[in-house]
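**Q** Quick one: the structure is below, and I'll ask about it shortly.
The values are calculated or read from the model by the stated rules, or taken from the named source; none is laboratory data. Since the structure is predicted, the reported quantities are computational estimates derived from the model, not experimental observations. So basically every Cβ, Gly included, is an ideal-geometry build from the backbone, and we count neighbours across all protein chains shown.
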Amino acid sequence: MAITLQHLIKAKQQGRPLTVLTAWDYAIGQLLDIAGVDIILVGDSLAMVALGHDTTLPLTLEQMLHHGAAVKRGVKRAFVVCDLPFLSYQESISQAIHTAGRILKETGVQGVKLEGGHPTALETVAQLTAIGIPVMGHVGLTPQSVHRLGYRQQGQTETDAERISSEAIALSEAGAFAVVLEHIPSDLAKAITSQLPIPTIGIGAGSHCDGQVLVTADLLGLSEKQPPFAKSYLNLRELITEAVKEFSREVRDQKFP
């Protein structure tokens with residue numbers, strides 16, 4: 001049975017943790033879906049893990065449409081969400097509507113995600129949800145603001161913690177169906193989670209969120225470098241390298257085919 005927004009809200013009400021992972025192509029999307037992941041995020045992190053950029057900023061809307069459609073073709077059950085790339089939604093509400101609309105129409109995903117809880121972002125969420133586009137929010141460390149915030153933990157001062165909490169609450173009130181809490185103190189994430197009627201999805205935010213998300217390349221050990229809060233469940237980078245070396249040896253020694 002395909003997962004819907006109602007399933008996600010019910011999971012929050014029942015205290016059932018949600019699993020969220022990222023995908024960037026058909027094969028990864030299909031495997032995550034078969035494994036039973038609740039939400040698959042076509043994150044703009046694909047700019048780094050699939051396209052080799054240093055940040056998420058260079059990713060274009062056309063690239064996101066290409067990868068989003070590929071992922072969705074492999075998914076039958078999970079709820080698929082696609083990031084809105086940098087500068088594809090910040091210029092105006094009409095731009096955000098056009099971008100989000102294209103993503104839903106051309107990829108088949110069920111929702112979009114945008115960063116920040118400032119007034120413009122809140123208005124964007126309200127307008128998108130009003131026309132039927134599900135929106136996931138994202139506060140704390142927001143990678144599209146890397147040149148202003150860096151990759152350090154956010155919410156360490158009382159002022160910053162209050163701001164992040166207020167943004168999360170405002171996103172919920174604007175109509176967001178879930179909020180990603182990235183790289184903030186565990187006690188702050190716990191407080192926000194207890195106040196929101198919608199699921200919080202943590203990444204580097206402790207164990208008290210309603211769900212957890214990882215970049216799949218980090219989980220599989222494919223990344224050259226990964227954030228301190230990530231966990232590798234195997235070293236696929238090493239396994240792939242050794243498999244290729246063995247293949248190469250067999251070809252050169254004329255043992256394959």
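**Q** Among residues belonging to the stretch 103-123 that are of a type in the set (A, V, I, L, M, F, W, C) and either assigned to a helix (DSSP H, G or I) or in contact (Cβ under 8 Å) with a residue 40 or more places away in the chain (or both), point out the one that is farthest from Val42 (Cα to Cα).
**A** Leu122
**Q** From the residues in the stretch 136-158 that are within 18 Å of Cys209 (Cβ to Cβ) and of a type in the set (Val, Ile, Thr), which one is surrounded by the most Cβ atoms within 10 Å (Cβ to Cβ)?
**A** Ranking the qualifying residues of the stretch 136-158, first place goes to Val139.
**Q** Here is a check on your reading of the model: is Ile3 of a type in the set (Val, Ile, Thr), modelled with pLDDT of 95 or more and either within 22 Å of Glu182 (Cα to Cα) or assigned to a loop (DSSP other than H, G, I, E, B) (or both)?
**A** Criteria met by Ile3.
**Q** Next question. Looking at (1) under 22 Å from Leu8 (Cα atoms); (2) more than 14 Å from the chain's Cα centre (by Cα), which one does Val37 not meet, given that it meets all the others?
**A** (2)
**Q** Tell me, please, whether a residue that is out of contact with any Ser or Thr (no Cβ under 8 Å at 6 or more places or on another chain), among the acidic types (Asp, Glu), buried (at least 16 other Cβ atoms within 10 Å of the Cβ) and not in a loop (DSSP other than H, G, I, E, B) can be found in the stretch 13-28.
**A** no
**Q** Among the residues of the stretch 133-147, is any assigned to a helix (DSSP H, G or I) and more than 25 Å from Leu196 (Cα to Cα)?
**A** yes
**Q** Only one of these is assigned to a helix (DSSP H, G or I), of a type in the set (Gly, Ala, Ser), at pLDDT 95 or above and surrounded by 21 or more Cβ atoms within 10 Å (Cβ to Cβ): Ala100, Ala126, Ala161. Name it.
**A** Just one listed residue meets the conditions, Ala100.
**Q** How about the stretch 29-47: which of its residues are β-branched (Val, Ile, Thr) and in a loop (DSSP other than H, G, I, E, B)?
**A** Passing the criteria: only Val37.
**Q** Go through the stretch 164-191 residue by residue and tally those that are touching a Lys or Arg at 6+ places or on another chain (Cβ under 9 Å) and not in a loop (DSSP other than H, G, I, E, B).
**A** The qualifying residues number 2.
**Q** So which residues in the stretch 206-257 are touching a residue at least 60 places away in the same chain (Cβ under 8 Å) and surrounded by fewer than 16 Cβ atoms within 10 Å (Cβ to Cβ)?
**A** Listed by number, the list holds a single entry, Pro227.
**Q** Then there's this: Could you please let me know if Thr4 is under 15 Å from Val215 (Cα atoms), touching a strand residue (DSSP E or B) at 6+ places or on another chain (Cβ under 9 Å), surrounded by fewer than 22 Cβ atoms within 10 Å (Cβ to Cβ) and in contact (Cβ under 8 Å) with a residue 60 or more places away in the chain?
**A** So Thr4 fails the test.
**Q** When the residues of the stretch 48-63 are narrowed to those that are in a loop (DSSP other than H, G, I, E, B) and among the β-branched types (Val, Ile, Thr), which ends up farthest from the chain's Cα centre (by Cα)?
**A** Across the stretch 48-63, the extreme among qualifying residues is Thr60.
**Q** Exactly one condition in (1) free of Cβ contacts under 8 Å to residues at least 60 places away in the same chain; (2) part of a helix (DSSP H, G or I); (3) buried (at least 18 other Cβ atoms within 10 Å of the Cβ); (4) not aromatic (Phe, Trp, Tyr) is not met by His66; state its number.
**A** Single failed check for His66: (3).
**Q** Please work out if Ser45 is under 23 Å from Gly132 (Cβ atoms), among the hydroxyl-bearing types (Ser, Thr, Tyr) and at pLDDT 95 or above.
**A** For Ser45, the condition - under 23 Å from Gly132 (Cβ atoms), among the hydroxyl-bearing types (Ser, Thr, Tyr) and at pLDDT 95 or above - is not met.
**Q** Looking at the structure I just gave you, is Ser94 in a helix (DSSP H, G or I) and either surrounded by fewer than 15 Cβ atoms within 10 Å (Cβ to Cβ) or in contact (Cβ under 8 Å) with a residue 24 or more places away in the chain (or both)?
**A** Spelling it out, Ser94 is indeed in a helix (DSSP H, G or I) and either surrounded by fewer than 15 Cβ atoms within 10 Å (Cβ to Cβ) or in contact (Cβ under 8 Å) with a residue 24 or more places away in the chain (or both).
**Q** Looking for whichever is more than 17 Å from Ala178 (Cβ to Cβ), of a type in the set (Val, Ile, Thr) and touching a residue at least 40 places away in the same chain (Cβ under 8 Å) here; the options are Val37, Val42, Val71, Val81. Which one fits?
**A** Just one listed residue meets the conditions, Val71.
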